[in-house]
């Protein structure tokens, strides 16, 4: 039986460090998916936006993160000479189209409004990823829905399924529903929409499941044709983007087994949603796994390859780091639930361990979230006060590649059960970097503590956040002192754990295997 052709919609794609149309893990995942689809010869076509200024360039000035932006120029984009117009917020907006397949990926078509035929307001819509006010970001999503669907039409693509990756893409499905409503009644239109659409929910936190009041929707001219009564049947009141995605899609998925449980608990009280399945994320092995690690023929070669990557990382960090001590890495966005500062919860206990290890932090705070920036500032301050703590500014895919190969231990500290998957821990494990994490996201299903990494916290969940932080921090210190640091002194055991971590990923969590599961569970 032939496979369905899929138009894959995502607001960001991480294909290469220098192609700055990504912000974090969502974009890296979509980029990995297009690369794996190319290798598998899958009919998956990427649809996105050409963010002229990318996400943010975030540097440290006077100990604080400062955002900078500039227009990026790319010589590898193919102008396919396709322009079209869509109406958003009552205005006719011209869209230009570029295509890229330079990075071993399936074709990715990118929408651009930042050119001279548009007015200044329209040009700004595709300038910065996740930039601007709440209202401006909503308009960007509406633009993506309308322009993305029209782009598929203009390209003449023969598409069986439209896949919406995260709530940013939900307006694609709503546009499809609006088209059907012009010809059919509500019930039939909804069933026809479900046959064409699929939806992935990527996070349980509120930022990934936004709501909008109908006054705001009215102010930005949405919907154009559908009645508010119909829209409320789909998305409730206030408008809930995740709920809309779940109700208009024939199939929906979470991104790990643990996340599936969380999502079911979140949405089971709502009526008229389709059953949600689990498809655990995977990584594109050629992008993220070291060739030296992959091709190591014995334990000695594996260790030598790892030590080479560790030295390269230390040079990249630019600090005096003792290679004989375990190097921990924490590289993520900086929202509260990631808890980047958990290891500093009790400074007396941390100080008892700080001379036995080094730890490098990196990540970006959302430009509009001051609390995230304050978290960065606190860690930067620690890096100046404590010799064993280090910071890499302006986190990029290049930094990530060096970190997931060169660290000894990958530290993750999410508040359970708020981690959906966390593909960075998979990338680290693929290179023999041992995870030290809360049992959440991917680690919940992949962890064999003491064999391919370590868990701390014992999977316990408390309603009280202070109690949760205290319990997890004390457990973290205990596992570091009694298990991780002693294990590093036993090279044979450490290398065996590295081999186990690598096999865990190679056997089950590659992007190719992920796509197999999408075709089995979602794209049918």
Fill in: helices (runs of 4 or more DSSP H) fully within the range 397-497 counting 2 or more residues that are closer than 24 Å to residue 352 by Cα and not assigned by TED's automatic domain parsing to the domain that holds residue 55
465-479, 485-488
Worksheet item: Does residue 229 meet the test of being exposed (fewer than 14 other Cβ atoms within 10 Å of the Cβ), more than 19 Å from residue 416 (Cβ to Cβ) and at pLDDT below 95?
Response: no
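Here is a yes/no grid of residues against (1) surrounded by 13 or more Cβ atoms within 10 Å (Cβ to Cβ); (2) more than 26 Å from the chain's Cα centre (by Cα); (3) at pLDDT 95 or above:
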site: 273; (1), (2), (3): yes, no, no
site: 277; (1), (2), (3): yes, no, yes
site: 287; (1), (2), (3): yes, no, yes
site: 292; (1), (2), (3): yes, yes, yes
site: 300; (1), (2), (3): no, yes, yes
site: 310; (1), (2), (3): yes, no, yes
site: 317; (1), (2), (3): yes, no, yes
Practice prompt. Kindly indicate the residue of the range 437-449 that is surrounded by fewer than 24 Cβ atoms within 10 Å (Cβ to Cβ) and in contact with a strand residue (DSSP E or B) (Cβ under 6 Å, 6 or more places away or on another chain) and also nearest to residue 491 (Cα to Cα) among those meeting that condition.
Written response: 449
Worksheet item: Hey, any hits in the range 201-214 for a residue that's assigned by TED's automatic domain parsing to the domain that holds residue 84, under 26 Å from residue 262 (Cα atoms), part of a helix (DSSP H, G or I) and free of Cβ contacts under 8 Å to residues at least 12 places away in the same chain?
Response: yes
Discussion item. I'm trying to understand the selection: among the residues of the range 322-354, which are more than 17 Å from residue 377 (Cβ to Cβ) and buried (at least 19 other Cβ atoms within 10 Å of the Cβ)?
Written reply: 326, 327, 328, 329, 331, 350
Practice prompt. Check 295, 261, 358 and return the single one that is in the same structural domain as residue 198 (by TED's automatic domain parsing) and under 28 Å from residue 509 (Cβ atoms).
Written response: 261
Response to the item:
Scanning the range 78-119 for residues that are crowded, with 20+ Cβ neighbours inside 10 Å and free of Cβ contacts under 8 Å to residues at least 40 places away in the same chain, the one farthest from residue 146 (Cα to Cα) turns out to be 118
Worksheet item: So which residues in the range 380-398 are surrounded by fewer than 21 Cβ atoms within 10 Å (Cβ to Cβ) and within 26 Å of residue 18 (Cα to Cα), if there are any at all?
Response: 380, 391, 393, 394, 395, 396, 397, 398
Worksheet item: Limited to the range 67-77, what total is found for residues that are within 30 Å of residue 370 (Cβ to Cβ) and exposed (fewer than 14 other Cβ atoms within 10 Å of the Cβ)?
Response: 3
Discussion item. Given the condition in contact with a strand residue (DSSP E or B) (Cβ under 6 Å, 6 or more places away or on another chain) and either over 20 Å from residue 288 (Cβ atoms) or at pLDDT 95 or above (or both), answer yes or no: does some residue in the range 487-495 qualify?
Written reply: no
Discussion item. Could you go through the range 246-255 and let me know if any residue there is touching a residue at least 60 places away in the same chain (Cβ under 8 Å), over 19 Å from the mean Cα position of the chain (by Cα), under 18 Å from residue 518 (Cα atoms) and part of a loop (DSSP other than H, G, I, E, B).
Written reply: yes
Worksheet item: Has the range 200-215 got any residue that is in contact with a helix residue (DSSP H, G or I) (Cβ under 8 Å, 6 or more places away or on another chain) and surrounded by 22 or more Cβ atoms within 10 Å (Cβ to Cβ)?
Response: yes
Discussion item. Test of understanding: among 173, 185, which residue is in contact with a helix residue (DSSP H, G or I) (Cβ under 7 Å, 6 or more places away or on another chain) and either farther than 25 Å from residue 45 by Cβ or touching a residue at least 40 places away in the same chain (Cβ under 8 Å) (or both)?
Written reply: 173
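The values are calculated or read from the model by the stated rules, or taken from the named source; none is laboratory data. For clarity, every value in this text was computed on a predicted model and none was experimentally measured. Every residue, glycine as well, gets a Cβ built from its backbone with ideal geometry; the counts of neighbours run over all protein chains shown.
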